[in-house]
1. Checking the structure you have, find out if any residue of segment 33-40 is over 13 Å from the mean Cα position of the chain (by Cα) and modelled with pLDDT of 60 or more.
2. Report, ordered by the first and then the second residue, all pairs with beta carbons closer than 9 Å, sequence separation of six or more or different chains, a first member in segment 52-76 that is within 12 Å of Ala39 (Cα to Cα), and a second member that is of a type in the set (Ser, Thr, Tyr).
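The values are calculated or read from the model by the stated rules, or taken from the named source; none is laboratory data. It should be emphasised that the depicted structure is a prediction, and the values quoted were computed from it without experimental measurement. In this analysis, Cβ positions are derived from the backbone assuming ideal geometry, glycine residues included, and neighbour counts consider all displayed protein chains.
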Amino acid sequence: MKMRTTSTATLKAKKGNGAAKQAVVMADMNMPTCDDNIAVAAYFRAEQRGFAPGDELADWFQAEVECNSSSSQQAA
């Protein structure tokens with residue numbers, strides 16, 4: 001049986017405001033975070049360029065821009 005641990009930050013968030021509670025619930029559901037989505041997009045950008053070294057940070061920033069623009073379009 002897998003034991004589940006709860007951090008102090010999680011306990012405080014559960015007692016806090018609604019946004020913090022929502023973040024905890026989403027984390028508990030193992031939902032992908034924005035950083036997870038950016039990491040996947042950056043990986044595919046690196047794959048497209050053949051994983052050549054030296055542009056990893058540019059891959060991350062471009063993926064971040066793409067993810068942020070797509071999430072802001074979905075919110076509108």
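1. No; the residues of segment 33-40 include none that is over 13 Å from the mean Cα position of the chain (by Cα) and modelled with pLDDT of 60 or more.
2. Asp59/Tyr43; Ala63/Tyr43
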